[in-house]
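K.L.:
Attaching a single structure in structure tokens format; questions to follow.
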Amino acid sequence: MSKLNSNEPQGPLKDKWTSHKNKINLVNPSNKRLIDIIVVGTGLAGGSAAATLAELGYNVKAFCFQDSPRRAHSIAAQGGINAAKNYQGDGDSTYRLFYDTVKGGDYRSRESNVYRLAEVSTNIIDQCVAQGVPFARDYGGLLDNRSFGGVLVSRTFYAKGQTGQQLLLGAYSAMNRQIGRGKIKMYNRHEMLDIVTIKSEQYPEGQARGIITRNLISGEIERHSAHAVVLGSGGYGNVFYLSTNAMGSNVTAAWKAYKKGAMFGNPCFTQIHPTCIPVSGEYQSKLTLMSESLRNDGRIWVPLKKGDSRKPEDIPEIERDYYLERRYPAFGNLVPRDIASRAAKERCDEGFGVGSTKMAVYLDFKDAIDSLGEDVVRSRYGNLFQMYNKITGDDPYKTPMRIYPAVHYTMGGLWVDYNLMTSVPGLYSIGESNFSDHGANRLGASALMQGLADGYFVLPYTIGDFLSNDIRTKPISTDDEHFVKAEKEVKKRNETLLNVNGKKSVESLHRELGKIMWDNCGMSRNKKDLESAIEQIQLLKKDFWNNVFVPGKHAELNLELEKAGRVADFIELGELMIRDALDRNESCGGHFREEYQTPEGEAKRRKEFQYVSAWEYKGEPKDAELHKEELIYHNIEVKERSYK
């Protein structure tokens with residue numbers, strides 16, 4: 001019997017969210033002063049949630065492992081944020097944003113959550129403009145828009161090529177106001193290492209009542225209690241080692257929640273971004289994103305001739321293959337990310353790749369510069385062109401960029417219901433750390449939209465419904481036996497890592513994991529490789545716990561100990577991802593099983609897999625139990641995606 005209950009409200013789709021807000025329980029302002037909430041992660045989702053909850057009157061404890069919330073990976077988002085404002089008068093609407101998001105996710109997301117996301121998107125822009133976020137404006141001073149992949153309208157608001165940074169500064173300023181008022185207590189350089197659940201009469205299996213953290217400066221293990229816990233800890237793309245994620249991005253917070261009963265939804269749904277700077281060497285440890293916004297004016301092509309080693313400027317127009325424009329004339333270079341990524345891989349695999357490694361394609365701005373002028377292109381993408389020039393030494397104003405797909409985002413994450421609560425009562429997951437809105441493929445500029453929608457406009461309503469039952473609950477004591485036990489387990493694990501005293505560095509083992517994941521569970525997957533990967537990853541896990549070398553001590557600044565704990569969690573997650581990919585015998589969005597494709601090489605969905613895979617922890621990843629949330633669409637026709 002499935003334990004999943006999405007708690008979706010009844011009624012017409014367009015009225016669900018309004019009706020739900022009207023009917024849920026509220027907490028009196030004077031009672032909010034008595035309730036504590038922990039927020040783990042202070043990027044766009046966590047930061048906006050912490051600021052809003054504190055503004056409402058709750059006592060918020062916010063945690064980040066960076067030295068400041070401004071260092072959250074949200075700053076790396078470049079291109080923009082979607083909202084159904086229809087400022088361009090090009091036919092956009094709430095329903096069209098909803099439709100594009102569900103279709104872009106290959107019909108593998110929950111209908112009601114996606115519609116709510118589209119509905120509140122317009123509020124986000126108003127909120128951020130009020131905060132002073134410097135969105136781009138047209139000549140007349142009105143907010144400007146551009147297009148992103150998978151849509152036929154211009155709905156993306158942007159701040160040059162640094163939209164994420166500007167939005168994060170807005171959320172950070174809102175947080176700082178509450179820190180100054182004493183409503184947020186900020187814990188920088190603290191990493192969450194376990195969730196504490198306490199059993200009660202109402203929740204015999206336990207509810208979230210706090211966390212165990214490690215002070216990354218002193219190494220001290222600390223207990224922190226609250227009436228509810230919110231995770232806004234981001235995605236797990238670094239399981240592939242090489243990704244566009246910040247080096248510190250990890251799955252530890254979400255993985256600890258999974259081990260305490262929170263189900264993990266669709267772990268194999270990972271996004272490969274088509275426009276990244278290609279890998280340049282064996283010992284590279286980080287990849288760099290080139291914003292999808294570049295595909296507005298840049299044209300993607302490869303030489304018509306295999307192995308053509310001429311400079312791009314020397315290849316005449318007639319000998320170039322603008323393959324996205326050729327295959328998908330309706331959307332051209334602005335097809336969704338999963339389609340653009342697979343197309344680039346196919347061209348390179350067939351021998352048409354460019355550059356020294358032949359694992360790249362060209363992104364060319366010559367036509368845009370000729371028609372718009374260099375000044376206009378510079379005003380739109382100047383900082384991105386500068387970044388590319390600093391990394392590669394090439395000038396994109398004079399020669400095409402070389403790009404290749406790379407891991408960028410994870411659609412999978414902790415399973416949550418309509419209220420954004422996990423299967424553990426009192427434990428919420430927001431932003432990229434949950435699975436809820438993007439299905440099997442996220443459309444560009446929707447990550448910032450989801451993070452801020454969850455933090456500013458959804459969670460502050462829904463969490464009150466749960467906390468309304470806690471107004472008589474006094475502050476939770478950290479002397480409770482559950483806190484003591486959790487702290488001991490954290491200390492024991494860290495001591496075990498320090499005492500292995502092997503001969504392999506954490507970095508080398510992480511690199512091995514990344515190669516297993518990329519080769520077997522990356523852009524394309526098949527049964528044989530996935531089964532082989534399970535064996536490889538199990539051997540790697542044994543190797544890790546027998547041969548890892550973690551220098552230093554527990555009670556001090558120890559970066560290697562931090563990394564070791566995160567990589568140990570990545571290894572376990574990697575096996576669950578592979579098992580999820582093996583179980584899902586279809587192709588959809590970013591999950592491309594080679595056995596399931598159309599004659600044209602497109603993803604081939606199967607009706608019997610129209611569900612969310614929610615995995616319950618039962619010990620080892622091989623023992624995880626699969627629960628299924630059926631996906632039913634009443635307001636959208638499920639059909640084969642076509643962008644031609």
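The values are calculated or read from the model by the stated rules, or taken from the named source; none is laboratory data. This structure is a prediction, so every number in the text was calculated from the model and none was measured. Positions of Cβ are backbone-derived with ideal geometry, glycine not excepted, and every protein chain shown enters the neighbour counts. Only protein heavy atoms, including side chains, enter the accessible area calculation; ligands, DNA and RNA are left aside. Shrake-Rupley method; radii C 1.70, N 1.55, O 1.52, S 1.80 Å.
K.L.:
Mind checking which lysines have their C-alpha under 22 Å from K488, skipping anything on the same chain fewer than 8 residues away?
P.N.:
Hits, sequence-local ones excluded: K199, K256, K259, K260, K553, K563, K618.
K.L.:
Using Cα centres only, tell me the gap between region 253-287 and region 8-22 in whole Å.
P.N.:
Value for the Cα centre distance between the two parts: 33 Å.
K.L.:
In Å, the Kirkwood hydrodynamic radius of region 43-138 over pairs of distinct alpha carbons?
P.N.:
Kirkwood radius, region 43-138: 15.7 Å.
K.L.:
Report, in debye and to the nearest 20, how large the dipole of the chain comes out about its Cα centre when Lys and Arg carry +1 and Asp and Glu carry -1 on their Cβ.
P.N.:
For the chain, the charge dipole is close to 780 debye.
K.L.:
On a 0 to 90° scale, report how tilted helix 559-583 is relative to the longest principal axis of the chain, with both axes built from alpha carbons and the result rounded to the nearest 10.
P.N.:
With rounding to tens, the tilt is 70 degrees.
K.L.:
Filter the chymotrypsin sites (Phe, Trp or Tyr not before Pro) in region 109-144 down to the DSSP loop ones having no more than 12 other Cβ atoms within 10 Å, then list what survives.
P.N.:
Taking region 109-144 and a limit of 12 other Cβ atoms within 10 Å, the loop chymotrypsin sites (Phe, Trp or Tyr not before Pro) found are Y139.
K.L.:
Looking at region 487-590, which GluC sites (Glu not before Pro) are DSSP coil and have at most 16 other C-beta atoms within 10 Å of their C-beta?
P.N.:
E556
K.L.:
Nearest 500 deg cm²/dmol is fine: what mean residue ellipticity at 222 nm does the chain get from its DSSP H runs of n ≥ 4 alone, each adding -39,500 (n - 2.57), divided by its residue count?
P.N.:
Rounded to the nearest 500, the figure is -11000 deg cm²/dmol.
K.L.:
I need the phi-derived Karplus couplings for region 119-128: 6.51 cos²θ - 1.76 cosθ + 1.60, θ = phi - 60°, integer Hz, Gly and Pro marked x.
P.N.:
Per residue, the Karplus-derived 3J(HN,Hα) values read 5, 8, 4, 5, 5, 4, 4, 4, 4, 6 Hz.
K.L.:
Leaving ligands, DNA and RNA out of it, report the carbon-plus-sulfur percent of the accessible area of the chain at a 1.4 Å probe.
P.N.:
Reported share for carbon and sulfur atoms: 48 percent.
K.L.:
Consider all pairwise Cα distances in region 527-573 and report the whole-number % of them above 13 Å.
P.N.:
Every Cα pair in region 527-573 considered, those over 13 Å come to 61 percent.
K.L.:
Along region 13-20, what does the Karplus equation 6.51 cos²θ - 1.76 cosθ + 1.60 (θ = phi - 60°) give for ³J(HN,Hα), rounded to whole Hz, x for Gly and Pro?
P.N.:
Once rounded to whole Hz, the list reads 3, 5, 9, 4, 5, 4, 4, 5.
K.L.:
Further question: Quick check on the chain: of the DSSP beta bridges with both residues there, what percent are antiparallel, nearest 5%?
P.N.:
70 percent
K.L.:
Between the alpha-carbon centers of region 598-617 and region 501-579, tell me the distance in whole angstrom.
P.N.:
27 Å
K.L.:
Quick one: pull the percentage of alpha-carbon pairs in region 153-267 with a separation above 17 Å.
P.N.:
70 percent
K.L.:
Calculate the translational D of region 68-113 in whole µm² s⁻¹ from Stokes-Einstein, where the hydrodynamic radius comes from the Kirkwood formula applied to all Cα pairs, the temperature is 4 °C and the viscosity 1.567 mPa s.
P.N.:
Stokes-Einstein gives a translational diffusion coefficient of 100 µm²/s.
K.L.:
How high is the FRET efficiency from E620 to N25, r the C-beta distance, R0 51 Å, rounded to 0.05?
P.N.:
The pair E620/N25 has a calculated efficiency of 0.80.
K.L.:
Farthest toward the dipole's positive end in the chain, which of A533, S309, S642, given Cβ charges of +1 (Lys, Arg) and -1 (Asp, Glu) about the Cα centre?
P.N.:
A533
K.L.:
Also: Rounded to the nearest whole Å², what accessible area per residue is found for the chain with the 1.4 Å probe?
P.N.:
I get 39 Å² per residue for this part.
K.L.:
While we're here: Residues with amide H under 5 Å of Q271's amide H, sequence separation 5 or more or different chain, H placed in the peptide plane at 1.01 Å from N; which?
P.N.:
It is H408, Y409, T410, M411, by chain and number.
K.L.:
Given H placed on each backbone N at 1.01 Å, which residues far from V230 in sequence or on other chains put an amide H within less than 5 Å of it?
P.N.:
It is I38, V39, V40, Y428, by chain and number.
K.L.:
Turning to a different aspect of this structure: Mind listing the phi-derived Karplus ³J(HN,Hα) values for region 363-375, rounded to whole Hz, using 6.51, -1.76 and 1.60 with θ = phi - 60°, and x for any glycine or proline?
P.N.:
So the J values, rounded to whole Hz, are 10, 10, 10, 4, 5, 5, 5, 5, 8, 9, x, 5, 5.
K.L.:
Taking amide H positions as placed 1.01 Å from N in the peptide plane, with prolines and chain starts having none, which residues 5 or more places from I300, or on another chain, fall under 5 Å of its amide H?
P.N.:
Amide H neighbours of I300: D364.
K.L.:
Using the reciprocal of the averaged 1/r over all distinct C-alpha pairs, how large is the Kirkwood radius of region 529-609 in Å?
P.N.:
15.2 Å
K.L.:
Hey, how many Å between the Cα centroid of region 74-131 and the Cα centroid of region 311-357?
P.N.:
Value for the Cα centre distance between the two parts: 28 Å.
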